[in-house]
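Inspection log for the structure reproduced underneath, given as structure tokens.
Any read-out appearing in this document is the output of simple, stated calculations on the displayed coordinates, not a laboratory observation. The structure displayed is predicted, hence computed values, not measured ones. Heads up, the Cβs are rebuilt from the backbone with ideal geometry, glycines too, and the neighbour counts pull from every protein chain shown.
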Amino acid sequence: MDWSEGETVLGDTRDGCHHAHAHAHVHAHGTNLSQQPKKRPLMDDSSSWDIVKASQFGVLERCKELVEAGYDVTQPDKENVTLLHWAAINNRLELVQYYVSKGAVVDQLGGDLSSTPLHWAIRQGHLPMVIHLTRYGADPSVADGEGYRALHLAILFQHLAIAAYLMAKGQEVDGPDSNGQTPLMLAAQKIIGPEPTNFLIKNDASVSAVDKVNRNTPLHCAVLAGNVDAAHILLEAGASVDAENVNGHTPIDLAHQVHSPLLVHMLTHIRQERIQTGSRCLRTVSRYKVFLQFLLCTATFGSAGAILDMDSESWLLKGSLLCCLMGVVNLISRRFGTSAFRSLLPASTLMASVFWMLVTWCVWFLPDGPSTTLQALFALTATGLLYYYLRTCRTDPGVVRATEEEKKKVGKNVLVLAEAGCLDPRIFCTSCMSKKPMRSSHCFCCDACVARQDHHSIWTNCCIGARNHRYFVLFLFFLMLTGAWMFYGCVTCERLHLFRVCDGGVV
């Protein structure tokens, strides 16, 4: 059954929460308390409907008529679902208010998952309904049949605005569910993607908490699930790679058990990096990482070119030398490379390529005597390439900055913002816990919201947004022109070489 936004739920939905739990074809419905879902056109006279169907479609007058005629609002239907459940799952605010006034039990369990109306509203992402039910006394700490409490469900279905609201109402970020798992453990184990894990860590979720049964930390949970994104975020937050669970297994041991070479490499490297953090050599590498990365890439490309340009006719020798070169580079990267050092690799590779293009033009192509006009055009192209590359890297892409006081103020006023309809993900970032302008997006690489973000470029190691987009486009244009000039230079140089050979020259 597809529960699309604003659509009334009909038919047999006893296990509708199972459908939502499995794949969550669910979207936040909108955060304006006065906003109601659009009703389907009435296919027949609602005066003949039973109260369940009237509750699903939100026909208040028909519901009032049946209740006044003696229908008990606390009575569950044949599917063990109350009227309050049907009103909550369809975001019928007026019906909820009416049923509560007639004695409906706000926290009554129903359905196959023994869920409360609050649980149903959270699974569907109806923040207005969640606010409405909590006003009438709904208890977020009540667990459903699977052991999940309200905050756990909000995280599980990635409704972070609801999660922020529940925490503002007093729900502990590390509160365990009936199975002893914290929301961070659920996010690490069941959600592929960085946002929920990042959101919880920014709200001071503990990375060292353990569950009651297996004594697993959130990092253990991420490794067992093969969740690389969550593991990466947890490691950046300081999660221990040496913590042992009840069986004495560390996250690295579990990575071997689930046969994940990527996680094994990541965890092992982080352990070695943390051991070597205090070394003077690594501190030097960290301080001059940009220059050293550029120097390494430049030396690698130069060495590879020199090997391929050798006079020797033996390709076996050249191949052996190239393998030795790659082995040395790999050894240097493993010995001295940190995560910050490796993140600069694409940008350093690009700049090293540009450097050798300029050297090739000046050393090999220029002596062949291109006209002054061609030399001037190439000089202008190279200058434009370097200029716009630097402008792209050094220009603020449009980062939306908020002071610590503003963040604290927003954090304290989440309740007010939620009730005013301002926790809409389009205008409120749950990662930065601040308002953001329209058409801005949160970049997890930069850990900031960027106005009119286009993408995060690994070649410039920065975001491309409102303020540097034009510089980036011009950089790409001049890069294309430089490549065209290099192609022209190669063709011209080869033609001159062939002409000399045909004219009896020495190769």
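Quick notes on this structure:
- The rule of thumb for compact globular proteins, 2.2 N^0.38 Å, goes into the C-alpha radius of gyration of segment 353-400 1.52 times.
- Total charge dipole magnitude, segment 192-275, about the Cα centre, Cβ charges on Lys, Arg, Asp, Glu only, Debye to nearest 20: 100 debye
- Kirkwood Rh in Å, taken over segment 424-495 so that all alpha-carbon pairs contribute: 14.5 Å
- Phi-derived couplings, Karplus 6.51 cos²θ - 1.76 cosθ + 1.60 at θ = phi - 60°, listed residue by residue for segment 170-180: x, 6, 6, 5, 10, x, x, 8, 5, 9, x Hz, with x used for Gly and Pro.
- Percentage of interatomic Cα-Cα distances in segment 78-194 larger than 16 Å: 56 percent
- All Cα pairs of segment 192-275, percent lying beyond 16 Å: 46 percent
- Neighbour-count ranking [beta-carbon atoms within 10 angstrom, fewest first] of 46, 431: 46, 431
- Simple label model, 7 Å out from Cα along Cβ direction - residue 97 to residue 333, nm: 6.2 nm
- For residue 461, no residue whose modelled amide H falls within less than 5 Å of its own remains once neighbours fewer than 5 places apart on the same chain are excluded.
- Segment 192-275: relative contact order in percent, alpha carbon pairs under 8 Å with at least 6 residues between: 26 percent
- Packing, as the average of other Cβ atoms within 10 Å across residues, places the peptides 187-197, 452-462 in the order 187-197, 452-462, highest first.
- Spin-label proximity, residue 487 to segment 343-359 - amide N less than 14 Å from point 7 Å beyond Cα toward beta carbon: none
- Peptide packing: for 221-228, 53-60, 124-131, the average count of neighbouring Cβ atoms within 10 Å per residue gives the ranking 124-131, 221-228, 53-60, highest mean first.
- Spin-label model distance (nm) - residue 316 vs residue 71, 7 Å beyond Cα toward Cβ: 8.9 nm
- Vicinal HN-Hα couplings computed from phi for segment 194-200 (Karplus, 6.51 cos²θ - 1.76 cosθ + 1.60; Hz; Gly/Pro x): x, 5, x, 4, 5, 4, 5
- Under 5 Å, built H, 5+ apart or other chain: amide partners of residue 400: 449, 450, 451
- Farthest towards the positive end of the charge dipole of segment 192-275, among the residues 198, 216, 233, is the Cα of 216, using unit charges on the Cβ of Lys, Arg, Asp and Glu.
- Kirkwood's formula applied to the C-alpha pairs of segment 289-337 gives a hydrodynamic radius of 11.6 angstrom.
- Ordering of 470-477, 261-268, 315-322 by burial proxy (mean other Cβ atoms within 10 Å per residue, highest first): 470-477, 261-268, 315-322
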